[in-house]
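Structure record follows, encoded as structure tokens.
A short reminder: the numbers here are calculations on the coordinates, not readings from a lab. Nothing here was measured: the structure is a model prediction, and the numbers come from that model. So basically every Cβ, Gly included, is an ideal-geometry build from the backbone, and we count neighbours across all protein chains shown.
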Amino acid sequence: MTLEATLSALYPDHLKRLVAAYVAVLERHALDAVVLHGGTAQKRTLADDQYWPIRPTPHFQHWVPLAEPDAAVVVEASGRAWVARVAVTSFWEHPFEPEGRHWEASLAQRPLARWSDLAEQLPKGRLAFVGDDLAAAAELSIAQRNGAALVADLDALRVYKTPYEKACLREANRRAALGHQAVLDAFARGAESELDLHLAYLGATGQDDPETPYKNIVALGPHAATLHHVSYGRHRAPRGARPETLLLDAGSTCMGYCSDITRTFFRDARGASASVFAELLGGMEALQKTLCAEVRVGTPYEALHDRSHALLGELLARCGVVQSAERAVDEGVTRAFYPHGLGHSLGLQCHDVGCALLKPRGENPFLRNTSVIAPDQVFTIEPGLYFIESLLKPMREAAPSGLVDWQLVDALTPFGGIRIEDDVVVTDDPARPIDNLTRPFLPDGAKVLS
Ligand code: GLY
Ligand code: MN
Ligand code: MN
């Protein structure tokens with residue numbers, strides 16, 4: 001079946017669920033309708049006349065895969081939902097064609113000559129607006145803009161994915177895998193710069209920079225220690241001085257739905273520290289797979305995050321980086337080597353918000369998923385291990401405890417770090433608790449190249 005046929009088959013049910021859920025939210029908030037704004041073209045700078053591509057409001061893309069300015073989905077308390085689109089007459093620029101047409105048979109469209117014409121088409125009564133551009137709400141005389149309680153309720157609807165959304169997320173993984181494979185091939189072939197590798201990724205996925213869910217993280221050697229390394233190096237390494245590690249964290253989109261995938265590659269190098277790094281790489285791959293296998297409905301995600309620290313402590317002890325796994329966890333050492341969260345909810349935003357309603361415990365400040373694991377959630381599992389001097393320095397300078405082998409840490413620092421990230425769907429089948437969206441397309445999370 002083609003993607004279009006699959007999405008055409010699944011979309012009506014997605015729409016039905018969405019309408020029912022929105023009607024309930026509108027009733028709870030005593031609203032007659034909500035206007036979900038797609039977005040307004042933003043100037044790159046006030047000094048010039050160029051505009052950024054639209055990054056659509058996720059609440060809007062929950063309904064339609066449009067990335068164009070001055071469009072809206074209007075949902076009425078009666079259950080009527082429709083799309084308003086301003087006809088584009090500019091001869092300078094034209095927005096992207098819709099990525100799919102599967103929604104058109106189910107959702108009515110009303111063309112507008114200009115945005116302000118929408119006002120007379122809206123139902124009378126209490127209206128709310130959701131979107132970035134508050135001036136667009138003012139043009140419609142809607143006073144309630146991005147009400148926190150309303151937005152929180154709409155965000156909550158995006159936590160549990162419908163079969164349509166899962167199909168989009170799976171396709172976003174398939175597309176990203178083409179890029180990951182192309183970058184791995186290019187890295188294995190020779191000494192490309194980070195920019196070269198980034199461009200190879202875009203070429204292979206057929207998606208331009210603004211369509212990717214986030215700026216590709218392409219990090220060679222020590223740059224892998226910068227968690228979001230996006231200031232790509234332009235230099236190709238001279239022969240014999242090729243960086244040995246590549247951390248690639250890059251995704252794709254399908255109908256606005258994101259994939260978020262990290263792979264770490266290592267060119268086999270000689271020397272004792274290289275063999276420890278290769279051991280750590282293999283250990284992180286096993287650790288990530290263990291965590292995926294331990295996802296269970298009913299477990300707090302934060303418990304899985306804590307478990308990732310216990311496993312990392314064991315790996316560091318096994319490889320001689322620390323003396324004691326337990327002390328490494330208890331004394332915060334694993335948190336210096338692995339400062340980010342185990343993962344986050346994934347959907348129309350790379351960092352979806354609906355699973356982060358509670359604050360994590362103090363020692364997990366960057367954990368973005370504090371929900372209890374439940375069927376139809378989609379989240380990432382992305383443990384990491386890095387050599388980040390600014391985090392290690394305070395520990396190094398504290399009274400020497402003998403806990404960390406600093407000489408070994410120094411020798412490993414040029415390799416930067418490791419992250420392995422898959423996207424998983426939680427199922428309601430205890431025999432198969434997750435559907436890993438990434439591994440069928442990219443079986444290896446880490447790879448040592450010969
Ligand atoms: N790509 C950003 C993240 O993994 O959260
Ligand atoms: Mn992620
Ligand atoms: Mn990522």
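Per-residue packing, averaged as other Cβ atoms within 10 Å, sorts the ranges 98-106, 248-256 into the order 248-256, 98-106, beginning with the highest. Among the trypsin sites (Lys or Arg not before Pro) found in segment 195-277, those both in a DSSP coil and sparsely packed, with 15 or fewer other Cβ atoms within 10 Å of their Cβ, are Arg234, Arg236, Arg239, Arg270. For the cross-link pairs Lys161/Lys289; Lys16/Lys124; Lys359/Lys447; Lys16/Lys359; Lys289/Lys359, the ones whose C-alpha atoms lie over 30 Å apart are Lys359/Lys447; Lys16/Lys359. So what is Rg over Rh here for the chain, counting just Cα atoms and using Kirkwood for Rh? On the Cα set of the chain, Rg over Rh gives 1.01. Here r is the Cβ-Cβ distance between Ser401 and Thr2 and R0 is 56 Å; the resulting FRET efficiency, rounded to 0.05, is 0.40. Taking amide H as placed 1.01 Å from N in the peptide plane, Leu112 has its amide H under 5 Å from the amide H of Arg85, Val86, Ala87, each at least 5 places away in sequence or on another chain.
Among Glu194, Glu76, Glu397, the largest mean-square fluctuation in a Gaussian network model of the chain (Cα springs under 10 Å) belongs to Glu397. Every pair of different Cα atoms in segment 3-156 enters the Kirkwood calculation, which places the hydrodynamic radius at 16.1 Å. Dividing the summed -39500 (n - 2.57) terms of all DSSP H runs of n ≥ 4 by the residue count of the chain sets its mean residue ellipticity at 222 nm at -10500 deg cm²/dmol.
As a rough guide to protection, the peptides 48-59, 219-230, 63-74, 6-17 ranked by mean Cβ packing within 10 Å, highest first, stand as 63-74, 219-230, 6-17, 48-59.
Given their separation in residues at 0.36 nm each and the Cα-Cα distance between them, Ala87 and Arg55 gain 9.6 nm when the chain is fully extended. Each residue of segment 72-77 was assigned a 3J(HN,Hα) from its phi angle through the Karplus expression (A = 6.51, B = -1.76, C = 1.60, θ = phi - 60°), giving 8, 9, 10, 10, 9, 4 Hz with x at Gly and Pro.
Out of the DSSP beta bridges found with both residues in the chain, what percent are antiparallel (nearest 5)? Of the beta bridges lying entirely in the chain, close to 70 percent run antiparallel. The order of the peptides 137-146, 107-116, 327-336 by mean Cβ neighbours within 10 Å, most packed first, is 327-336, 137-146, 107-116. For Val230 and Ser116, the FRET efficiency from 1/(1 + (r/R0)^6), where r spans their Cβ atoms and R0 equals 30 Å, is about 0.20. Residue by residue, segment 110-120 carries 3J(HN,Hα) couplings of 10, x, 10, 6, 8, 4, 5, 5, 4, 3, 6 Hz when phi is fed to the Karplus relation 6.51 cos²θ - 1.76 cosθ + 1.60 (θ = phi - 60°); x denotes Gly or Pro. Size descriptors for segment 298-450 (Cα atoms only): Rg and Dmax, in that order, 16.8, 50 Å. For segment 177-187, backbone phi angles converted through the Karplus equation (6.51, -1.76, 1.60; θ = phi - 60°) give residue-by-residue couplings of 4, 4, x, 4, 5, 5, 5, 4, 4, 5, 5 Hz, Gly and Pro being listed as x.
Between Ala41 and Asp70, the built amide H atoms are under 5 Å apart, and every one of these is 5 or more places off in sequence or on another chain. Looking only at segment 378-403, which residues have a backbone nitrogen under 18 Å from a spot 7 Å from the Cα of Arg432 in the C-beta direction? The answer is 378-379.
Between the helical axis of 301-318 and the dominant principal axis of the chain, each derived from Cα atoms, what acute angle in degrees is found, rounded to the nearest 10? Approximately 20 degrees, to the nearest ten.
Reported to the nearest whole Å, the Cα centre-to-centre distance from segment 263-321 to segment 42-78 is 40.
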